[in-house]
1. Length gain on complete extension for the stretch E310 to V217, per 0.36 nm per residue less the alpha carbon to alpha carbon distance?
2. Please identify, among V110, V122, V33, the residue showing maximal mean-square fluctuation in a Gaussian network model of the chain using a 10 angstrom Cα cutoff.
3. Under 5 Å between amide hydrogens, which residues at least 5 positions from N117 or on another chain qualify, with H placed 1.01 Å from N in the peptide plane?
4. Translational diffusion coefficient of the chain at 20 °C, 1.002 mPa s, Stokes-Einstein with Kirkwood Rh over Cα pairs, in µm²/s as a whole number.
5. Could you give the nm distance between label points at A239 and A112, where each point is 7 Å from its Cα heading toward the beta carbon?
6. Using a Förster radius of 22 Å, what is the FRET efficiency between R202 and D267 based on their Cβ-Cβ separation? Nearest 0.05, please.
7. Could you tell me the convex hull volume per residue, in Å³, taken over the Cα atoms of the range 1-123?
8. Give me the extension gain from T231 to D12: residue separation times 0.36 nm, minus the current Cα-Cα distance, reported in nm with one decimal.
Amino acid sequence: MSGATGFVTHPDCALHFAGPGHPERPERLEALVEHFERCGLTAQLAQLEAREAALDALAAVHTRHHIADTERACLGGRGVLDDGDTYVCVESFRAALLAAGGVLQALEKVHAGAWRNAFVAVRPPGHHAEETHAMGFCLFNNVAIAARHAQRALGLGRIAIVDWDVHHGNGTQHIFERDASVFYASLHQFPHYPGSGAASERGLGPGLGATLNLPQVAGSGDVEWLRAFETQLLPALDAFRPELLLISAGFDAHRDDPLSATRLSEDGFRRMTELLLDCARRHANERVVSVLEGGYDLGALTRSAAAHVEALLRA
């Protein structure tokens, strides 16, 4: 296994524009890339420019109708999708294909042993996107697409997805809630958007028990989130024994983020990363792929993402 940490991004992901004043803005990605360069992280990373995902990869998770409707909406120019806060422009469809494709490239590099782990800095984010529709700033579910690709194209069996975005990843949960081969765990502020993610939501039918929601009250911070990690999440991951660990790495649980009332620090994100890397060493041959989700204060986002990637580098 190579010691490299991969970094996948593409400048065209910044062309997706939801409109003036929208929190999911191009500056999120631009500031992150600039911060990594300024603090010397970029030079330590194995860099790769994202390429567009094939539509068949998206169709392993999303309906063809949703894919076609999203493309039509984007190519039609400025518009808003189903939930009223997910806006698109002409460039949005290409940006979304690059976002999904970048995660697949990182996954393939890590699976092949060329990289030990990877961070994928792309937008639009993905974890709210449902099988049939866009939602919550998300067009396609990047981490879910990667999980299915790992199983169908790379032959992996047990995939774990850990989501620490402050908003519950309703799309990811719903896509896999009847599937015992994909373990989905989420720490998130609750109650909060999108309203799902109660502890009682544990999966359905054959997937019962393969969903773990660890809702956290407003005002919680490093102590509470790390306690949930150590006492509930890690034992569940050890019992599942994932062959691959995917992270939905939102940084909007930071104390400075305008869209949450959660109080995580950069050190909190660093420690959560370290704990997941330890788990990946035990069960997944170190295979970890992390993809950017939320994070809307530029300073908090860039510092937290840097702490996350520094931990990946030291793994």
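1. 30.7 nm
2. Comparing V110, V122, V33 in a Gaussian network model of the chain, the most mobile one is V33.
3. Result for N117 returns G6.
4. Details: Rh = 18.8 Å.
Answer from the Stokes-Einstein relation: 114 µm²/s.
5. 3.7
6. Using R0 = 22 Å, I get an efficiency of 0.10.
7. Dividing the Cα hull volume of the range 1-123 by its residues yields 102 Å³.
8. On the way: separation 219, 0.36 × 219 = 78.84 nm, distance 4.08 nm.
Going from the current span to full extension adds 74.8 nm.
Values in this text are rule-based calculations from the coordinates and carry no lab data. Note that this is a predicted model, so its numbers are computed, not measured. Heads up, the Cβs are rebuilt from the backbone with ideal geometry, glycines too, and the neighbour counts pull from every protein chain shown.
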